[in-house]
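Before any comments, here is the structure.
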Amino acid sequence: DFSDNSSDSALGTDSSGNSNTWTVHNLSSGAAIANKGFDCFAYSGTGAEQSFSNLAFQPDFLWIKSRTRVDSHGLYDVIRGRASNLYSDLTNGENISGVGADLKSFDSNGFTLGGVQQTALNRNNEDYIAWAWKAGGTPSTNNNGNIQASVSVSTSYGFSVVKYTGDGSTSGSVGHGLGSTPKYVIIKRIDGTNDWKVRHTSLGSTQMLSLNQNYGAGAASWNGETSSVFYPARSGDTYN
């Protein structure tokens, strides 16, 4: 089952106990552990507290969606904490849940859901899908830009979660910690009802998308990004 990734040769270990170990050719243990940076799985809600321990890492960003009910997507990250939820299909600011509700904890190899449901992650007999990303765990302060940021980042997997307070300027820069220029940036104001902003390099510098809208790429001016910072603001817009 390729579960032993301690070395390239160990990938061929027979887990059945029948000593039918394979000789490995042109496979690397690095490729076999790619899911240490991202993974996804389906589960069923119970209406009671339940834990999942089937990830190869402690998730720093979770995106969860019901597959059987018309409910909003729930987005959680290690910087804002397990009680702070965002809805990718809505303009709402973050929703703060009570202790023990919804997402109860980020765990070393998964997460725990509470039995009290405010944002519908664990309703009894409902099916869900969870996407999980590994960033850098406990956030640190990043001062690469002229706006201070709190960042949890993995340079190995090219993934960063960033929280910052806008200064209202059109030249503000925010450090992302990746060490290379990001190709995909999503921004959401968490204390106001504003659209999600989506920037991808394939759109060039003149177009953006919005997660919560159903239209295609729209005309917009993006100030760009470098290997150390991104520039989130433009005149008249609301993400800085």
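General observations
- Restricting attention to the range 31-47 and to residues that are out of contact with any Phe, Trp or Tyr (no Cβ under 9 Å at 6 or more places or on another chain) and open to solvent by less than 50 Å² (accessible area, probe 1.4 Å), the residue that is modelled with the lowest pLDDT turns out to be I33.
- Scan of the range 193-218 for residues that are free of Cβ contacts under 8 Å to residues at least 40 places away in the same chain, open to solvent by 30 Å² or more (accessible area, probe 1.4 Å) and not in a loop (DSSP other than H, G, I, E, B), ordered by number: H200, T201, S202, L203, Q207, L209
- Tally, over the range 196-210, of residues that are out of contact with any Leu (no Cβ under 6 Å at 6 or more places or on another chain) and either closer than 20 Å to F61 by Cα or of a type in the set (G, A, S) (or both): 7
- Within the range 169-192, the set of residues being at pLDDT below 90 and open to solvent by 60 Å² or more (accessible area, probe 1.4 Å) comprises T170, S171.
- Of the listed requirements (1) in contact (Cβ under 8 Å) with a residue 40 or more places away in the chain; (2) surrounded by fewer than 18 Cβ atoms within 10 Å (Cβ to Cβ), S72 misses just one: (2).
- Residue within the range 127-139 that is open to solvent by less than 20 Å² (accessible area, probe 1.4 Å) and in a loop (DSSP other than H, G, I, E, B) present: yes
- From the options N223, N143, N214, residue that is more than 20 Å from G93 (Cβ to Cβ) and at pLDDT 95 or above: N143
- Residue among V116, V162 that alone is modelled with pLDDT of 95 or more and either among the β-branched types (V, I, T) or open to solvent by 50 Å² or more (accessible area, probe 1.4 Å) (or both): V162
- Qualifying residue in the range 135-154 (condition: farther than 21 Å from K188 by Cα and without any contact (Cβ under 8 Å) to a residue 60 or more places away in the chain): no
- Odd one out for S221 among (1) polar (S, T, N, Q); (2) open to solvent by 30 Å² or more (accessible area, probe 1.4 Å); (3) over 18 Å from the mean Cα position of the chain (by Cα); (4) closer than 21 Å to I79 by Cα: (4)
The values are calculated or read from the model by the stated rules, or taken from the named source; none is laboratory data. Fair warning: this is a prediction, and the values are worked out from it, not measured in the lab. Positions of Cβ are generated from backbone atoms using ideal geometry, with glycine treated the same way; all protein chains shown enter the neighbour counts. Accessible surface areas use protein heavy atoms only, side chains included; no ligands, DNA or RNA. Shrake-Rupley method; radii C 1.70, N 1.55, O 1.52, S 1.80 Å.
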